[in-house]
Amino acid sequence: MAQAASWQQLWLRGGLPESLLAAADEDSIDWREDFIRTFLGRDIASLELGMPLPLMERLWRLMAHIQCQTLNASRLAGLLDLRSTRLKQLLAVLEQTFMLRLLPPLEANLSKRLVRTPKLYLRDSGLLHNLLGIETYDDLLAHPQAGESWEGFVIEQLIAAHPRWRPHFLRTSNGAELDLVLERGRQRRVYEIKLSKAPRVSRGFHELVGQLQPERAELIAPVEQASEARPGIWVRPPLQAINAERI
């Protein structure tokens with residue numbers, strides 16, 4: 001990952017070096033727009049998927065608007081007038097080209113019924129912002145999908161910092177959720193991600209932490225300093241979490 005002047009710039013522009021290190025936001029936006037056109041018009045076309053460019057563009061914009069949601073393949077296929085099997089083929093290609101992440105649910109032996117459908121994320125926050133029409137940091141903070149963008153951004157940085165760990169999410173049928181669960185052998189680390197300078201630990205988060213007993217439980221939020229929200233549960237700023245020990 002290229003180094004950024006700040007996590008705010010990394011979040012806004014994404015991690016692609018030409019975008020991140022551009023001289024100005026306008027240059028970064030223009031580069032990302034060209035990248036999207038090139039990726040859809042040349043790279044995807046070279047795979048001979050039989051998808052017209054306007055349909056691929058529509059798929060990307062629809063995915064941007066369902067960032068962080070559990071994947072409803074039938075509904076998404078219906079919006080695109082595609083068969084579900086065809087849509088799944090296209091999503092698989094986007095996963096293989098590192099544009100898309102389908103975050104799998106954790107298989108856990110808990111007393112409550114669990115959501116079994118993966119969550120969808122466009123992996124680069126800068127590309128997501130271009131698709132949503134977000135140009136500046138102020139635009140980003142005011143956008144109705146700022147929280148979803150923040151969640152996807154932090155998840156990608158945490159996964160990158162733990163290359164040997166398997167990523168999942170956990171959600172119960174009554175809405176209790178862990179945004180990210182990292183597993184390695186018998187070890188677990190769990191994270192909740194909040195776009196708030198005064199994040200609170202939800203009852204559901206506390207209950208799931210109690211059941212899973214991870215070695216680390218953290219809330220990642222845009223705070224200035226780390227603090228202990230409850231015994232064993234820490235709130236940490238993004239840079240501290242992203243630059244955590246890489247194992």
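The values are calculated or read from the model by the stated rules, or taken from the named source; none is laboratory data. Everything numeric in this text was worked out from a predicted model, so none of it was measured. No Cβ is skipped: glycine too gets one built from the backbone with ideal geometry, and neighbour counts run over all protein chains shown.
Look at residue 120 and say whether it is of a type outside the set (Lys, Arg), farther than 24 Å from residue 236 by Cα and in a strand (DSSP E or B).
yes
When you look at residue 196, is it in contact with a Cys (Cβ under 9 Å, 6 or more places away or on another chain) and modelled with pLDDT of 90 or more, yes or no?
It is false that residue 196 is in contact with a Cys (Cβ under 9 Å, 6 or more places away or on another chain) and modelled with pLDDT of 90 or more.
Scan the range 177-202 residue by residue and report those that are in a loop (DSSP other than H, G, I, E, B) and buried (at least 19 other Cβ atoms within 10 Å of the Cβ).
Of everything in the range 177-202, just one residue is in a loop (DSSP other than H, G, I, E, B) and buried (at least 19 other Cβ atoms within 10 Å of the Cβ), namely 194.
One residue is enough: does the range 99-110 have a residue meeting the conditions touching a residue at least 24 places away in the same chain (Cβ under 8 Å), surrounded by fewer than 17 Cβ atoms within 10 Å (Cβ to Cβ) and in a helix (DSSP H, G or I)?
No, the range 99-110 contains no residue that is touching a residue at least 24 places away in the same chain (Cβ under 8 Å), surrounded by fewer than 17 Cβ atoms within 10 Å (Cβ to Cβ) and in a helix (DSSP H, G or I).
Residue check: is residue 229 crowded, with 17+ Cβ neighbours inside 10 Å, of a type in the set (A, V, I, L, M, F, W, C), more than 21 Å from the chain's Cα centre (by Cα) and closer than 30 Å to residue 12 by Cβ?
Values: crowded, with 17+ Cβ neighbours inside 10 Å: yes; of a type in the set (A, V, I, L, M, F, W, C): yes; more than 21 Å from the chain's Cα centre (by Cα): yes; closer than 30 Å to residue 12 by Cβ: yes.
Criteria met by residue 229.
Checking the structure you have, find out if any residue of the range 126-138 is surrounded by fewer than 20 Cβ atoms within 10 Å (Cβ to Cβ), polar (S, T, N, Q), at pLDDT 95 or above and assigned to a loop (DSSP other than H, G, I, E, B).
Yes, the conditions are met somewhere in the range 126-138.
For the range 212-226, how many residues meet the condition of being over 21 Å from the mean Cα position of the chain (by Cα) and crowded, with 16+ Cβ neighbours inside 10 Å?
Of the residues in that region, 2 qualify.
Please determine, by comparing only the residues of the range 214-247 that are modelled with pLDDT of 80 or more and of a type in the set (Gly, Ala, Ser), which one is nearest to residue 184 (Cα to Cα).
The qualifying residue nearest to residue 184 (Cα to Cα) is 217.
Determine which member of the set 153, 205, 169 is part of a strand (DSSP E or B) and either among the aromatic types (Phe, Trp, Tyr) or at pLDDT 95 or above (or both).
Residue meeting the stated conditions: 169.
Look through 63, 56 and report the one residue that is at pLDDT 95 or above and surrounded by 13 or more Cβ atoms within 10 Å (Cβ to Cβ).
So the residue among 63, 56 that is at pLDDT 95 or above and surrounded by 13 or more Cβ atoms within 10 Å (Cβ to Cβ) is 63.
Inspect all residues belonging to the range 155-170 and state whether any of them is touching a Lys or Arg at 6+ places or on another chain (Cβ under 6 Å), crowded, with 19+ Cβ neighbours inside 10 Å and more than 27 Å from residue 112 (Cβ to Cβ).
yes
Provide a single number: the residues in the range 57-86 that are assigned to a helix (DSSP H, G or I), in contact (Cβ under 8 Å) with a residue 24 or more places away in the chain and within 26 Å of residue 153 (Cα to Cα). Quick ask: steps written out before the conclusion?
Kept after step one, since they are assigned to a helix (DSSP H, G or I), are these residues of the range 57-86: 57-65, 73-80, 84-86.
Cutting the leftovers down to in contact (Cβ under 8 Å) with a residue 24 or more places away in the chain gives us 59-61, 63-65, 80.
Subset that is within 26 Å of residue 153 (Cα to Cα): 59-61, 63-65.
Final tally of qualifying residues: 6.
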